[in-house]
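> Pasting a structure below so you can have a look.
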Amino acid sequence: MLGFVLLVASFLAIDVAQADGRPHLNMIRPPGMPLMSDSQPLGPVTSRNGTVLPPFNQTYWFDQLIDHNNPSRGTFKQRFWHTWQFYEPGGPVLLMTPGEVNADGYADSYLSTKAISGQIAQQQNGSVVIIEHRFYGLSNPINDLKAESLKYHTIQQAIEDLEYFIKNVILPQPDGDRLTPDKAPWVLFGGSYSGALTSWTMVNKPDLFAAGYASSAVVEAILNFWRYFEPIREHMPANCSADVQVAISHIDEVFSGDNKTAIQEMKDLFGLGEMTHLDDVAGALRNNLWDWQSLQPTSQNSLFYEFCDALEVKDGVSASAEGWGLEHALQAWGNFWTEGGYLQRLCRNNSPEACLGTYDPNQPFYTDTSIDNNLRSWMWIVCNEVGYLQEGAPKGHPSLVTRLVQPPYDLRQCQLMFPEAFEKPPKVDIKGTNKAYKGWDVRIENIFFANGMRDPWREATMSAEGLDVKSTPEQPIGLGDGFHCSDLSTASGLADPTILAVQQAALASMKRWLADWKPSAAHDGARVPAPASGSGPKPEGRTKPAPRKPLSAWSKGAGVA
Ligand SMILES: *[C@@H]1O[C@H](CO)[C@@H](O)[C@H](O)[C@H]1NC(C)=O
Ligand SMILES: *[C@@H]1O[C@H](CO)[C@@H](O)[C@H](O)[C@H]1NC(C)=O
Ligand SMILES: *[C@@H]1O[C@H](CO)[C@@H](O)[C@H](O)[C@H]1NC(C)=O
Ligand SMILES: *[C@@H]1O[C@H](CO)[C@@H](O)[C@H](O)[C@H]1NC(C)=O
Ligand SMILES: *[C@@H]1O[C@H](CO)[C@@H](O)[C@H](O)[C@H]1NC(C)=O
């Protein structure tokens, strides 16, 4: 049967909106790799030979290059977490970054068998490393998020980070100094943006990683990503979908007209009467749809279903698939925002304009450049390299979302947030991104793509509808009934057999690929960009920015160099 410890775990919604106290509820959502919560605390973890290991949340620091194009620029401290619970000599090292978030909390689940990573480690005798992505959390090349500093925040620098890390890190484990990618197989895995980064890295650095696992990987950069709402429209309760569409198209009609009384009444209905810009008002209603992103097969209750229940259940009776129609839908939706407390939950003590308005350049979420602000860091990537703007559908296509919100709405926010970088709304270089990292055209070996039917990000993945890419033994594409990154969770596999099937296919692929792996110079482990600026030929073999330290010198906790 299942060869791993069963632990009750479920995904925890990432509270993007309120995570850092800076209100910003009317801008694009990052894809976001889910954090898992668990109801059973883990006891002390021991290795296979009985060594008691540090707790999973033990923090380590790596000296990473600030600028891979100019190593003499020096290094910064990049956080990572690690376990060798299942490691046996010859086993692989699994590496994952949670991507565009502060990585605190990810180690507890992703180092363990609560996640597919732990299952792979257990099956393959591997160890696992979680590394924080540059410019998120406490891993910052420069200690602020000003546009000038963010010039080091590119997909390519993040890819180089991964290479430099695996060629130089000395892991606190047996063989820890003999795990360069020429000597030991490294497996890169990730979900969401970091799933895409897995694909992009393996395209960009052929032969560096022995294998990859990419969950809900948004491989294709897309500017106007209105299709974000398509899996939601197709998989949410039919009555709720019908009523939201009817309500939204009416709201758009009123807001596009010139009846000031009707416009004011509509704003008041949602408690947004004092707001100035109608696209902000209608765009704010996307929040109810964005709530879908935190759904998982293991979700007990969710804000999304609370919303649909509020619209569709009247006096204890549920509407048929057609819904109740415009009048009830509008009243019930408005009521959900006001008396139902949704607006209060979103904005807490902030005024609706401060919380949902996007036109004031002095709003803190535009001007605050202090670190550990994942939305600002992510917006930089959005505005420069990937897009993924979550807008209303084109005319003639059913839409859950206002058509008043179109790319210029978000690109204007790019300019307001980074005025030093953008004199006018930027032209996002999605063409360049898709050319460099191949997007949907990725055809490489030993990468497993795992996707979910109900994932709002599906339309940017290898399982986008209408995309005719075959799943092959070299590059399998597994599609289950899951939501966003559901296949990363062991509990989700246990809750849904289609997700379990994807996980088992991935485990089988890993077994096959890693059995074929051999140490070799061809694995390119030895070439490391020399960080020192000295002249003369580059030394062959590994070079390090700092002298090697014995295991005991690995510093613990934040702030210790
Ligand atoms: C690690 O987790 C334990 C138990 O939850 C907690 O007491 C400790 O403060 C955590 N340590 C760090 C560095 O977060
Ligand atoms: C894992 O280690 C055990 C014990 O050394 C060994 O029997 C087994 O073949 C190893 N598995 C893999 C996949 O290397
Ligand atoms: C387990 O293995 C490590 C590394 O080889 C070694 O340092 C340690 O002493 C071993 N522990 C036991 C209990 O054998
Ligand atoms: C404007 O809207 C109000 C409220 O819906 C309505 O009573 C009124 O008849 C409308 N006026 C016109 C000129 O359509
Ligand atoms: C109608 O909405 C309710 C409440 O969200 C839901 O439970 C039910 O499945 C929906 N029925 C149909 C036919 O869409």
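The values are calculated or read from the model by the stated rules, or taken from the named source; none is laboratory data. What you are looking at is a predicted structure, and each value in this text was computed from that prediction instead of being measured. Glycine gets a Cβ as well: all are built from the backbone with ideal geometry, and neighbour counts include every protein chain shown. For accessibility, only protein heavy atoms count, side chains too; no ligands or nucleic acids. Shrake-Rupley method; radii C 1.70, N 1.55, O 1.52, S 1.80 Å.
> Could you tell me which of the residues Asp67, Asp63 is part of a strand (DSSP E or B), away from ligand 1 (no atom under 16 Å from the Cβ) and more than 20 Å from Ser215 (Cα to Cα)? Explain how you work it out, then say what you get.
Numbers: Asp67 fails: part of a strand (DSSP E or B).
Unique residue meeting the criteria: Asp63.
> Mind listing just one residue for me: the one in the stretch 202-222 that is assigned to a loop (DSSP other than H, G, I, E, B) and β-branched (Val, Ile, Thr) and, of those, surrounded by the most Cβ atoms within 10 Å (Cβ to Cβ)?
Going through the stretch 202-222, the residues assigned to a loop (DSSP other than H, G, I, E, B) turn out to be 205-210, 216-221.
If we keep only those that are β-branched (Val, Ile, Thr) too, we end up with 218-219.
Values: Val218: 29, Val219: 24.
In this case the residue turns out to be Val218.
> Checking the condition within 26 Å of Asn350 (Cβ to Cβ), in the same structural domain as Arg345 (by TED's automatic domain parsing), charged (D, E, K, R) and open to solvent by 10 Å² or more (accessible area, probe 1.4 Å), which residue from Asp279, Asp258 passes?
Result: Asp279 is the single residue among Asp279, Asp258 that is within 26 Å of Asn350 (Cβ to Cβ), in the same structural domain as Arg345 (by TED's automatic domain parsing), charged (D, E, K, R) and open to solvent by 10 Å² or more (accessible area, probe 1.4 Å).
> Consider only pairs whose beta carbons are under 6 Å apart and that are at least six residues apart or on different chains; among these, list those whose first residue lies in the stretch 284-303 and is at negative phi and whose second residue is open to solvent by 30 Å² or more (accessible area, probe 1.4 Å) and assigned to a loop (DSSP other than H, G, I, E, B).
Matching pairs, first to second residue: Ser294/Ala13.
> Which ones in the stretch 454-480 are in a loop (DSSP other than H, G, I, E, B), buried (at least 17 other Cβ atoms within 10 Å of the Cβ) and either on the phi > 0 side of the Ramachandran plot or not small (Gly, Ala, Ser) (or both)? Working first, answer last.
Within the stretch 454-480, the first condition is being in a loop (DSSP other than H, G, I, E, B), and the residues that meet it are 454-457, 461-476.
Among the residues that remain, those that are also buried (at least 17 other Cβ atoms within 10 Å of the Cβ) are: 454-457, 461-464, 475-476.
Across the stretch 454-480, the qualifying residues are Arg454, Asp455, Pro456, Trp457, Thr461, Met462, Gln475, Pro476.
Here's the yes/no breakdown for (1) assigned by TED's automatic domain parsing to the domain that holds Ala460; (2) assigned to a helix (DSSP H, G or I); (3) touching a helix residue (DSSP H, G or I) at 6+ places or on another chain (Cβ under 6 Å); (4) aromatic (Phe, Trp, Tyr):
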position	(1), (2), (3), (4)
Tyr359	no, no, no, yes
Phe365	no, yes, no, yes
Trp378	no, yes, no, yes
Val382	no, yes, no, no
Ser399	no, no, no, no
Thr402	no, no, yes, no
Val405	no, no, yes, no
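> Here's another thing I want to ask about it. Return the residues of the stretch 245-255 that are open to solvent by less than 30 Å² (accessible area, probe 1.4 Å) and more than 14 Å from ligand 4 (Cβ to nearest atom); say none if nothing qualifies.
Within the stretch 245-255, Ala247, Ile248, Asp252 qualify.
> Additional query: Pick from Lys395, Lys431, Lys438: which is open to solvent by 50 Å² or more (accessible area, probe 1.4 Å) and either among the β-branched types (Val, Ile, Thr) or within 30 Å of Ser486 (Cβ to Cβ) (or both)?
Criteria check complete, one pass: Lys438.
> Looking at the stretch 78-100, which of the residues that are under 16 Å from the mean Cα position of the chain (by Cα) and more than 16 Å from ligand 1 (Cβ to nearest atom) is farthest from Leu500 (Cα to Cα)?
So the first thing to find is which residues in the stretch 78-100 are under 16 Å from the mean Cα position of the chain (by Cα), and the list is 95-100.
So of that shortlist, the ones also more than 16 Å from ligand 1 (Cβ to nearest atom) come out as 95-97, 99-100.
Details: Leu95: 22, Met96: 21, Thr97: 23, Gly99: 24, Glu100: 27 Å.
Top of the filtered list is Glu100.
> Looking for something without any contact (Cβ under 8 Å) to a residue 24 or more places away in the chain, in a loop (DSSP other than H, G, I, E, B) and within 16 Å of ligand 4 (Cβ to nearest atom) - is there at least one such residue anywhere in the stretch 268-275?
Taking every residue of the stretch 268-275 in turn, at least one turns out to be without any contact (Cβ under 8 Å) to a residue 24 or more places away in the chain, in a loop (DSSP other than H, G, I, E, B) and within 16 Å of ligand 4 (Cβ to nearest atom).
> Just to verify a result, which residue in the stretch 320-332, among those that are part of a loop (DSSP other than H, G, I, E, B) and over 35 Å from the mean Cα position of the chain (by Cα), is surrounded by the most Cβ atoms within 10 Å (Cβ to Cβ)?
Once the filter is applied, the top-ranked residue is Trp324.
> So which helices (runs of 4 or more DSSP H) are wholly in the stretch 86-201 and hold at least 3 residues that are touching a residue at least 60 places away in the same chain (Cβ under 8 Å) and within 25 Å of Ala491 (Cα to Cα)? Step through it out loud before you land on a result.
Values: elements: 106-110, 116-124, 155-168.
Here the list reads 106-110, 116-124.
> Does Trp513 satisfy the criteria of being at pLDDT 95 or above, among the aromatic types (Phe, Trp, Tyr) and under 19 Å from Ala211 (Cβ atoms)? Before the answer, list the steps.
Values: at pLDDT 95 or above: yes; among the aromatic types (Phe, Trp, Tyr): yes; under 19 Å from Ala211 (Cβ atoms): yes.
Yes, satisfied.
> Any residue at all in the stretch 86-108 that's open to solvent by 10 Å² or more (accessible area, probe 1.4 Å), within 16 Å of ligand 2 (Cβ to nearest atom) and in contact with a helix residue (DSSP H, G or I) (Cβ under 7 Å, 6 or more places away or on another chain)?
Within the stretch 86-108 (the criterion being open to solvent by 10 Å² or more (accessible area, probe 1.4 Å), within 16 Å of ligand 2 (Cβ to nearest atom) and in contact with a helix residue (DSSP H, G or I) (Cβ under 7 Å, 6 or more places away or on another chain)), the answer is yes, since at least one residue qualifies.
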